[in-house]
Amino acid sequence: MSFDRHLSRRSFLSFSALTAASALTGCASSANTVTSGDTTIIYRSPMRLFQSPAASSVPSGAELAVMYGPVEDGGFLIPAVPYEQIDPRYYRQRVVDPTGQPPGTIVVDTPSRFLYLVQADGMAMRYGVGIGREGFAWQGSGVIQWRQKWPRWKPPNEMVARQPELVKYSIDNGGMEPGLKNPLGARALYIFSNGEDTLYRLHGNPDWRSIGKAVSSGCVRLMNQDIIDLYDRVPTKAPIVVWQ
């Protein structure tokens, strides 16, 4: 485990030097490159940071039935997740911390499709995530500047220009109201770096099939049950590190 931590810290130092300020459009894009000023971001094939999952104890069937069962929240009834159809590695579970980061830190291991919340006892909560193209566009360190329950989704103007049917949800029109079909799901955590919005989000999503996958749009998405759990554990100003 000391080797993994050494590797993780060394990888982070290397990646931090390459941190690009995101100029993306609020978690919505389908291009292979994005240009902002003099900076061009090119999406690369993912490379695993951790060659094998951290030691863990997969929850029992009874525990999973509770964890991913239906949830009434904010006036909405979130349906149960058919967890049997998801790779067990992506279930929410406590694992030996492989990140080497201080307790309270969120670590997004983009290539492995994992999000870790480091705990004080040498363990971490690990969540499976789905990654959109925007999820590959920012790396480095920041803070959770803002958190919101049942956020409104406001597709950026560039996305609306490509998909005119979304104009009713545009920024000018106030976005899509919160709900079960909202792409941001039940919660959203907004990441800032050096006092500026990175446009990089951790958010819920109604499509459990996207967990563990790279999808066409979005930042870092979790199952709604998992984003609620993470939201309740993570305060505003919590540190976050994103690895590509």
Those residues that are open to solvent by 20 Å² or more (accessible area, probe 1.4 Å) and of a type in the set (D, E, K, R), I need them from segment 71-98; list them, please.
Glu72, Asp73, Glu84, Asp87, Arg89, Arg92, Arg94
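Each row is one residue, and each column tells you yes or no for (1) at pLDDT below 95; (2) surrounded by 14 or more Cβ atoms within 10 Å (Cβ to Cβ); (3) at negative phi; (4) not in a strand (DSSP E or B).
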residue: Ser52; (1), (2), (3), (4): yes, no, yes, yes
residue: Gly69; (1), (2), (3), (4): no, no, yes, yes
residue: Gly104; (1), (2), (3), (4): no, yes, no, yes
residue: Pro111; (1), (2), (3), (4): yes, yes, yes, yes
residue: Leu115; (1), (2), (3), (4): no, yes, yes, no
So, first residue touching a residue at least 60 places away in the same chain (Cβ under 8 Å) in segment 151-173, second residue open to solvent by 60 Å² or more (accessible area, probe 1.4 Å) and part of a loop (DSSP other than H, G, I, E, B), Cβ within less than 7 Å, six or more apart or across chains; the pairs are Lys154/Ile171; Asn157/Ile171
Sole exception among (1) in contact (Cβ under 8 Å) with a residue 12 or more places away in the chain; (2) assigned to a helix (DSSP H, G or I); (3) farther than 17 Å from Ile228 by Cβ for Ala62, by number:
(1)
Considering segment 204-234 alone, what residues qualify as being open to solvent by less than 20 Å² (accessible area, probe 1.4 Å) and of a type in the set (Ser, Thr, Tyr)?
Ser210
Regarding segment 77-88, can at least one residue be identified that is of a type in the set (Gly, Ala, Ser) and under 13 Å from the mean Cα position of the chain (by Cα)?
no
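The rows are residues; the columns are (1) modelled with pLDDT under 95; (2) under 23 Å from Asp121 (Cβ atoms); (3) not in a loop (DSSP other than H, G, I, E, B).
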| site | (1), (2), (3) |
| --- | --- |
| Leu49 | yes, yes, no |
| Val58 | yes, yes, no |
| Glu72 | no, no, yes |
| Leu77 | no, no, yes |
| Ala80 | no, no, no |
| Arg94 | no, yes, yes |
| Pro98 | no, yes, no |
| Gln101 | no, yes, no |
Please identify the pairs in which a residue from segment 191-203 that is touching a residue at least 24 places away in the same chain (Cβ under 8 Å) has its Cβ atom under 7 Å from the Cβ atom of a residue that is of a type in the set (Gly, Ala, Ser) and open to solvent by 30 Å² or more (accessible area, probe 1.4 Å), counting only partners at least 6 apart or on another chain.
Ser193/Ser141
Tell me which residues, restricted to segment 219-238, are under 16 Å from Trp146 (Cβ atoms) and either of a type in the set (Lys, Arg) or not in a helix (DSSP H, G or I) (or both).
Cys219, Val220, Val234, Pro235, Thr236, Lys237, Ala238
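For every residue, the table says whether it meets (1) surrounded by fewer than 19 Cβ atoms within 10 Å (Cβ to Cβ); (2) modelled with pLDDT of 95 or more; (3) in contact with a helix residue (DSSP H, G or I) (Cβ under 8 Å, 6 or more places away or on another chain); (4) outside any strand (DSSP E or B).
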{"position": "Ala120", "(1), (2), (3), (4)": "yes, no, no, yes"}
{"position": "Gly142", "(1), (2), (3), (4)": "no, yes, no, no"}
{"position": "Glu158", "(1), (2), (3), (4)": "yes, no, no, yes"}
{"position": "Ala161", "(1), (2), (3), (4)": "yes, no, no, yes"}
{"position": "Glu165", "(1), (2), (3), (4)": "yes, no, no, yes"}
{"position": "Asp172", "(1), (2), (3), (4)": "yes, no, no, yes"}
{"position": "Asn182", "(1), (2), (3), (4)": "no, no, no, yes"}
{"position": "Tyr190", "(1), (2), (3), (4)": "no, no, no, no"}
{"position": "Tyr200", "(1), (2), (3), (4)": "no, no, yes, no"}
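The values are calculated or read from the model by the stated rules, or taken from the named source; none is laboratory data. Everything numeric in this text was worked out from a predicted model, so none of it was measured. When we count neighbours, we look across all protein chains shown, and the Cβ atoms used for this are built from the backbone with ideal geometry, even at glycine. Ligands, DNA and RNA are stripped out before the accessible areas are found, and what is left, the full protein with its side chains, is counted by its heavy atoms. Shrake-Rupley method; radii C 1.70, N 1.55, O 1.52, S 1.80 Å.
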